[in-house]
Amino acid sequence: MDSMWVDDDNIYRNVWSSDDVIPSDMELEEPINIEFLNSKNGANNAYWLFTRENPTHPQLIINGDVSTIRNSNYVANRPLMVVVHGWSGSVNSVLNTRITAAFLATTDVNVIVVDWQELAAANYVTAVAGVPSVGQHLGEFVNWLIENGGGVWDNVHLVGFSLGAHIVGNAGRTLDGRARRVTGLDPAGPLWHALLSSNALRATDGQYVEAIHTNVAAMGILNPIGDTDFYPNAGWHQPGCEDINQCSHSRAHALYASSILTDHFVGRRCINLTQALNNLCTGAALNMGNGNLNKTGYGIYGLSTSSVWPY
């Protein structure tokens, strides 16, 4: 896997990810491929470790094989950051590069990038159906890693983009909410909106759960679902995005990477969701994103950002 990770001075530039190409109405009506789902479930997850000793060449940690921990650069007393891509994504997705590089630039941490690309390559409906399994297996892996490699729950931060946001939610509840932080980056909306599925990310999935909503009109979920929900630029059309939906959706992970590096996004508390969707919030301040493991907060927040990095 050494060749998969590309050093790139422009990893934070204003580009959007191929993750979660917006599903068409026809795709949303496709049946679940049960045979595929049963063969490509969470048991197929791969877990890749990045540290400051190996920032661009990941080490594979195999669930159940303690030797893969011992032979890696995993260090028990470092914080553990877990990053999960969305539908049609993979370990090579730009969000993984962005967020991993940002974490390693600011803090000496272990970063686990979760690759569930085999199931993520299925039709959208099948991928949605596979979210609980992927999340459960991820939670079981993190528990195994802490038990066998060392670490403490107050140092664990789970981060997921789009369908990956619901995956880290399921992982968090598998861990009985012990992870210190869970962050959902524009949690997926299609097939999740109507009833707020019991499999969706929710506030009880970690000690502190935060969601950043950047495209609620199409690809992201509209409703507030965390302890704290941020709606930058009214949560819909992000500045500088000509492709309103895809670019705005992907802006969530770009904003999050920027927040890890700079922590300059100041949200203002909203009275209600309507106020957030009109970007009219003027209440108490709380910074959006960042990697602070001691962060706490509650409520709905709005803010404005710029059109180019670091936004």
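The values are calculated or read from the model by the stated rules, or taken from the named source; none is laboratory data. Note that the structure is predicted; figures quoted are calculated from it, not measured. With ideal geometry, Cβ positions are generated from the backbone for all residues, glycine too; neighbour counts draw on all protein chains shown.
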For the stretch 53-151, list the strands (runs of 3 or more DSSP E) that sit wholly inside it and hold at least 2 residues that are touching a residue at least 24 places away in the same chain (Cβ under 8 Å) and over 20 Å from G172 (Cα atoms); which are they?
54-61
Can you say whether D65 is under 30 Å from S307 (Cα atoms) and either modelled with pLDDT of 95 or more or of a type in the set (D, E) (or both), as far as the supplied structure shows?
no
Output for Cβ contacts, cut-off 6 Å, separation at least six or different chains, first residue under 24 Å from G151 (Cα atoms) in the stretch 175-204, second hydroxyl-bearing (S, T, Y), reads G177/T204; R181/Y208
What are the residues in the stretch 189-220 that are in contact with a Phe, Trp or Tyr (Cβ under 6 Å, 6 or more places away or on another chain) and under 20 Å from V134 (Cα atoms), if any?
A200
If I filter the stretch 249-300 down to residues being surrounded by fewer than 18 Cβ atoms within 10 Å (Cβ to Cβ) and of a type in the set (S, T, Y), which single residue comes out as farthest from the chain's Cα centre (by Cα)?
T282
Would you call D229 in contact (Cβ under 8 Å) with a residue 60 or more places away in the chain and more than 17 Å from V83 (Cα to Cα)?
yes
Of all residues being in contact with a Ser or Thr (Cβ under 8 Å, 6 or more places away or on another chain) and crowded, with 20+ Cβ neighbours inside 10 Å in the stretch 137-160, which is nearest to M219 (Cα to Cα)? Just the residue, please.
G160
Kindly indicate whether Q246 is surrounded by fewer than 24 Cβ atoms within 10 Å (Cβ to Cβ), more than 20 Å from G169 (Cβ to Cβ), modelled with pLDDT under 95 and not hydroxyl-bearing (S, T, Y).
yes
For the stretch 228-236, indicate whether the set of residues that are more than 16 Å from the chain's Cα centre (by Cα), surrounded by 24 or more Cβ atoms within 10 Å (Cβ to Cβ), over 24 Å from G169 (Cα atoms) and modelled with pLDDT of 95 or more is non-empty.
no
With the requirement that a residue be in contact (Cβ under 8 Å) with a residue 60 or more places away in the chain and under 17 Å from F265 (Cβ atoms), what does the stretch 209-226 give you?
E210, I212
Consider V182 carefully, then state whether it is crowded, with 24+ Cβ neighbours inside 10 Å, outside any helix (DSSP H, G or I) and not polar (S, T, N, Q).
yes
Please note which strands (runs of 3 or more DSSP E) are completely contained in the stretch 189-293 and include at least 1 residues that are in contact with a His (Cβ under 6 Å, 6 or more places away or on another chain).
228-232
Among the residues of the stretch 88-113, how many are at pLDDT 95 or above, over 18 Å from T262 (Cα atoms) and in contact with a helix residue (DSSP H, G or I) (Cβ under 6 Å, 6 or more places away or on another chain)?
2
Name the residues in the stretch 129-175 that are within 22 Å of Y256 (Cα to Cα) and either of a type in the set (S, T, N, Q) or at pLDDT below 95 (or both), would you?
N155, S162, N170
When you scan the stretch 83-96, how many residues do you find that are buried (at least 24 other Cβ atoms within 10 Å of the Cβ) and among the β-branched types (V, I, T)?
2
